[in-house]
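In what follows, a structure is listed as structure tokens, so that the remarks can point back to it.
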Amino acid sequence: MTPRARQDPPTTDPVERARSLALSMLNRAPRSAADLKSRLVAKDVEADVADAIIARYIEVGLLDDRSLAAMIARTRHAERGLAPRVIAGELRRKGIAEDDIAAALEPLTDEVQAESARGLAEARWRRMADLGDAVRTRRLVAYLGRKGYPATLAFALVRDLSRADSGVHEN
């Protein structure tokens, strides 16, 4: 018998079992209500029992999809440089509601996105200094595309970086 099995005696009450599973899942990582429900149902918890537990956890503040979405949006943008389009996709996969996604992405204005993309582009452009212009362009545009930035922004940044390398400045 494992030490964990000795600590947690098995319960026959399905509600208590579901509550214990839910708390264990939330202790490991923050989850959206939809994600928690799907995980509970996958562990053979009845859907109505899962719904009741989730409703209670929302009521007492253990589950907050809006705060979770805002935290994910902030960290994905700040740490990975992801654009709102990619972040929104991740939030949808986690089962976050569209209005919570919109609220989470609101601080990521066009100006913030452009600044972030510029920082990513400049750093990557410098690391590829030994490559030809066509290769640098292709790789940088692909890199920014994977981060979720539009091609128009990526090509504009490439143009600016190329001009800066060659010493040409716009008036």
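The values are calculated or read from the model by the stated rules, or taken from the named source; none is laboratory data. Just so we're clear, the structure is a prediction, and the values are computed from it rather than from any experiment. Cβ sites come from the backbone with ideal geometry, for glycine too, and all protein chains shown count toward neighbours.
Criterion first (surrounded by 12 or more Cβ atoms within 10 Å (Cβ to Cβ), of a type in the set (A, V, I, L, M, F, W, C) and either within 14 Å of HIS77 (Cβ to Cβ) or touching a residue at least 40 places away in the same chain (Cβ under 8 Å) (or both)) does ALA104 satisfy it? Yes; evaluated as a whole, the condition is true for this residue. Scanning the range 97-112 turns up no residue that is over 30 Å from PRO30 (Cβ atoms), assigned to a helix (DSSP H, G or I) and either of a type in the set (A, V, I, L, M) or out of contact with any Cys (no Cβ under 8 Å at 6 or more places or on another chain) (or both).
Does the range 108-125 contain at least one residue that is under 12 Å from ALA83 (Cα atoms), in contact with a Lys or Arg (Cβ under 6 Å, 6 or more places away or on another chain) and not assigned by TED's automatic domain parsing to the domain that holds ALA33? No: zero hits. The selection criterion, being acidic (Asp, Glu), touching a Leu at 6+ places or on another chain (Cβ under 9 Å) and within 20 Å of THR152 (Cα to Cα), holds for GLU122. Can VAL49 be described as assigned to a helix (DSSP H, G or I), at pLDDT below 95 and surrounded by 14 or more Cβ atoms within 10 Å (Cβ to Cβ)? Spelling it out, VAL49 is indeed assigned to a helix (DSSP H, G or I), at pLDDT below 95 and surrounded by 14 or more Cβ atoms within 10 Å (Cβ to Cβ).
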